[in-house]
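Notes for the one structure printed next.
The values are calculated or read from the model by the stated rules, or taken from the named source; none is laboratory data. Treat the numbers as computed from the prediction; the structure is a model and nothing was measured. Backbone-built Cβ (ideal geometry, glycine too); neighbour counts: all protein chains shown.
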Amino acid sequence: MPSSFLKTARLRTSAPPVERTHRVAGRELPLRIVENARARRMTLRIAPGGAGLRVTVPPGLPAREIDHFLSRHEGWLEERLRKLPERPLVRHGIKIPLRGVPHLIVHEPALRGTVEAVTRDGQPLLVVRGARVHLPRRVAEFLKREAKRDIEMLVARHTASVGRRAKAIRYKDTTSRWGSCTSDGTLSFSWRIMMAPPAVINYLVAHEVAHLKEMNHGPRFWKLCKELCPDTERCKDWLKRNGSALQAIQFG
């Protein structure tokens, strides 16, 4: 048999991710099983806010081994899930942060319009108008608009500093990361970052803009990131401590 055929046979294409549910701690969680040719062992990850589970496995691993792996880690999963923040639904009477400041959501159905951030008697409010059924969506759309305004201004400032241009800026509701930068210069941000303090929003933008010049997380990248945002370490720590709570808020 020709050696070239043998080499080709060894290059196994990974199967598409398997999507199923897994019951743990009284909850049915989405479970995503992903093959990775570079994986030498199984790894388990909980999505921000406990929204789901992800298991990364070497190619061709039998399903029974994955099930056994999950069974062995059931106690660990239960403990971690108990420590996660609650998943509050956006509705009248709860508070969510806007640029780090808690705002009380007030529904005023008799008035027309969408969402407005105001202060009444010293209390920051998010006033949501229209039908109650649309309230979560309208709050999400409000945060997206605010994100677009703040982030585009910060991108312009930081790209001018590094001498690079962003090809495009996109806004998503991601659960695995707060931002990303592609090799062609497209920057993506989670609009949920508008619930974080302004310094943290600035850090996230500086982080992704730094990738326009350094597509890695090496020493030169972090040096550039800190030049753009001297408060990098504190803001990184804030996201690690508080990011899951922001990801846990449900907008519908």
With the first residue restricted to the stretch 78-103 and required to be modelled with pLDDT of 95 or more, and the second required to be among the charged types (D, E, K, R), Cβ contacts under 6 Å at 6 or more apart or on different chains are P102/K95
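Tell me whether the stretch 14-21 contains one or more residues that are basic (K, R), at pLDDT 75 or above and surrounded by 15 or more Cβ atoms within 10 Å (Cβ to Cβ). Even if it seems obvious, please write down each step before you answer.
So the first thing to find is which residues in the stretch 14-21 are basic (K, R), and the list is 20.
From the residues that got through so far, the ones that are at pLDDT 75 or above too are 20.
Subsequent filtering for residues that are surrounded by 15 or more Cβ atoms within 10 Å (Cβ to Cβ) retains none.
So far as the stretch 14-21 goes, no, none of its residues is basic (K, R), at pLDDT 75 or above and surrounded by 15 or more Cβ atoms within 10 Å (Cβ to Cβ).
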Listed by range, strands (runs of 3 or more DSSP E) wholly within the stretch 30-110 having at least 3 residues that are under 23 Å from R137 (Cβ atoms) are 95-98, 101-108
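Looking at G75, G122 in this structure, which one is under 30 Å from C235 (Cβ atoms), loosely packed, with under 15 Cβ neighbours inside 10 Å and more than 25 Å from the chain's Cα centre (by Cα)? Spell out the reasoning first.
On the way: G75 fails: under 30 Å from C235 (Cβ atoms).
Answer to the selection: G122.
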Just one listed residue, out of R170, R220, R192, R149, is in contact with a Phe, Trp or Tyr (Cβ under 9 Å, 6 or more places away or on another chain), without any contact (Cβ under 8 Å) to a residue 24 or more places away in the chain and not small (G, A, S), and it is R170
When restricted to T175, T159, the only residue among the hydroxyl-bearing types (S, T, Y), without any contact (Cβ under 8 Å) to a residue 60 or more places away in the chain and either touching a Leu at 6+ places or on another chain (Cβ under 6 Å) or outside the structural domain of A47 (by TED's automatic domain parsing) (or both) is T159
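Do you know which residues across the stretch 94-110 are closer than 16 Å to V133 by Cβ and exposed (fewer than 15 other Cβ atoms within 10 Å of the Cβ)? Steps first, answer last, please.
From the stretch 94-110, those closer than 16 Å to V133 by Cβ are 105, 107-110; that's our starting set.
Matches in the stretch 94-110: E108, P109, A110.
Residue-wise test of (1) surrounded by fewer than 14 Cβ atoms within 10 Å (Cβ to Cβ); (2) of a type outside the set (S, T, Y); (3) under 14 Å from the mean Cα position of the chain (by Cα).
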{"site": "G179", "(1), (2), (3)": "no, yes, yes"}
{"site": "G185", "(1), (2), (3)": "no, yes, no"}
{"site": "S190", "(1), (2), (3)": "no, no, yes"}
{"site": "I201", "(1), (2), (3)": "no, yes, yes"}
{"site": "L212", "(1), (2), (3)": "no, yes, no"}
{"site": "M215", "(1), (2), (3)": "yes, yes, no"}
{"site": "W222", "(1), (2), (3)": "no, yes, no"}
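If I ask for residues that are exposed (fewer than 15 other Cβ atoms within 10 Å of the Cβ) and under 23 Å from the mean Cα position of the chain (by Cα), which ones from the stretch 32-46 would you list?
The initial filter retains those residues of the stretch 32-46 that are exposed (fewer than 15 other Cβ atoms within 10 Å of the Cβ), namely 36-38, 40-41, 43, 45.
The answer is N36, T43, R45.
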